[in-house]
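Visitor: Below you will find the structure I want to go over with you.
The values are calculated or read from the model by the stated rules, or taken from the named source; none is laboratory data. What you are looking at is a predicted structure, and each value in this text was computed from that prediction instead of being measured. We place every Cβ from the backbone using ideal geometry, glycine too, and count neighbours over all the protein chains shown.
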Amino acid sequence: MLICPSVLACDFTDLKYQVEEITKYADWLHYDVMDGHFVPNISFGPAILKDIKKISDLFMDVHLMVSDPEYYAKVFYDAGADLITFHLEALKGEDEALNLIRKIQLMGIKAGISIRPKTDVRLLDNILKEVDLVLVMSVEPGFGGQSFIESSLDKLDYLSNYKKDYGLSYIIEIDGGVSDKNAKAIIEHGGEALVAGSYVFKGNIKENIERLRNI
């Protein structure tokens, strides 16, 4: 299991300390990019990622919630991303998604694909053999602090079974409302990478991460 704190939930008056704490105890750092168009909120650009790279050697898990993921994939690759995940819904279909996955992988980094809570997971069937990671959104993308959508567990089951049936190796990641209250169920249903924001950063970062890790 990978613990992937979301920098979106950081206290930005204390960003350096909190990133240093994450680096000690977490596996990846999850970096949400929002453009105010694909989702109604706006978050971070590449400059902050570059600054974070100066103080952390964690694997940088960049989640693009943007309308033009092809353009921004290169931007965030240049900023230091190790994995770039984009949304199926931001493109016109699976052919465009497959083309972008291959372009990202040709940069020498990993490629992930994500779906909103209301998107049918079966739309990914022809993409799963190519992708390195699938991110299930268990809240509506765009804002932190939302409650976990229980039906997301069904998507984890589907992806886990599909992975086993076809001998695939993608990582199953989940993002939204993750805490010690639902982490056990997430893992039992096939979740392998847990993105946690509010849960990790409210209180003691070390203790909160260790609580998740010891579920």
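This table checks each residue for (1) more than 19 Å from LEU49 (Cβ to Cβ); (2) within 17 Å of the chain's Cα centre (by Cα).
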| residue | (1), (2) |
| --- | --- |
| ALA81 | no, yes |
| ARG122 | yes, no |
| LYS129 | yes, no |
| GLN146 | yes, yes |
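Visitor: Applying the selection to the stretch 1-14, what residues are at pLDDT 95 or above and surrounded by fewer than 19 Cβ atoms within 10 Å (Cβ to Cβ)?
Guide: LEU2
Visitor: Are there any pairs with C-beta distances below 6 angstrom linking a residue in the stretch 181-206 that is at pLDDT 95 or above and crowded, with 16+ Cβ neighbours inside 10 Å to a residue that is aromatic (Phe, Trp, Tyr) and assigned to a loop (DSSP other than H, G, I, E, B), with the two at least 6 apart or on different chains, and if so which?
Guide: Partner pairs satisfying both residue conditions: ASN182/PHE148.
Visitor: Here is a follow-up. Does the stretch 54-71 hold any residues that are crowded, with 21+ Cβ neighbours inside 10 Å and assigned to a helix (DSSP H, G or I), and which are they?
Guide: Answer for the stretch 54-71, where residues must be crowded, with 21+ Cβ neighbours inside 10 Å and assigned to a helix (DSSP H, G or I): just PRO69.
Visitor: Condition (residue is free of Cβ contacts under 8 Å to residues at least 40 places away in the same chain, within 22 Å of HIS189 (Cα to Cα) and among the small types (Gly, Ala, Ser)) applied to the stretch 134-151: is it met by at least one residue?
Guide: Checking the stretch 134-151: at least one residue is free of Cβ contacts under 8 Å to residues at least 40 places away in the same chain, within 22 Å of HIS189 (Cα to Cα) and among the small types (Gly, Ala, Ser).
Visitor: Are any residues in the stretch 1-44 part of a strand (DSSP E or B) and within 15 Å of THR85 (Cβ to Cβ), and if so, which ones? Steps first, answer last, please.
Guide: Step one: list which residues in the stretch 1-44 are part of a strand (DSSP E or B), which gives 2-6, 28-35, 42.
Scanning the stretch 1-44 gives LEU2, CYS4, SER6, TRP28, LEU29, HIS30, TYR31, ASP32, VAL33, MET34, ASP35.
Visitor: Take the conditions under 27 Å from ILE55 (Cα atoms) and either without any contact (Cβ under 8 Å) to a residue 60 or more places away in the chain or polar (S, T, N, Q) (or both) and apply them to ALA97. Does it pass?
Guide: Working: under 27 Å from ILE55 (Cα atoms): no; either without any contact (Cβ under 8 Å) to a residue 60 or more places away in the chain or polar (S, T, N, Q) (or both): yes.
The answer is no for ALA97.
Visitor: Can you name every residue in the stretch 7-45 that is in contact (Cβ under 8 Å) with a residue 40 or more places away in the chain and more than 28 Å from ILE172 (Cβ to Cβ)?
Guide: The answer is ASP11, and nothing else.
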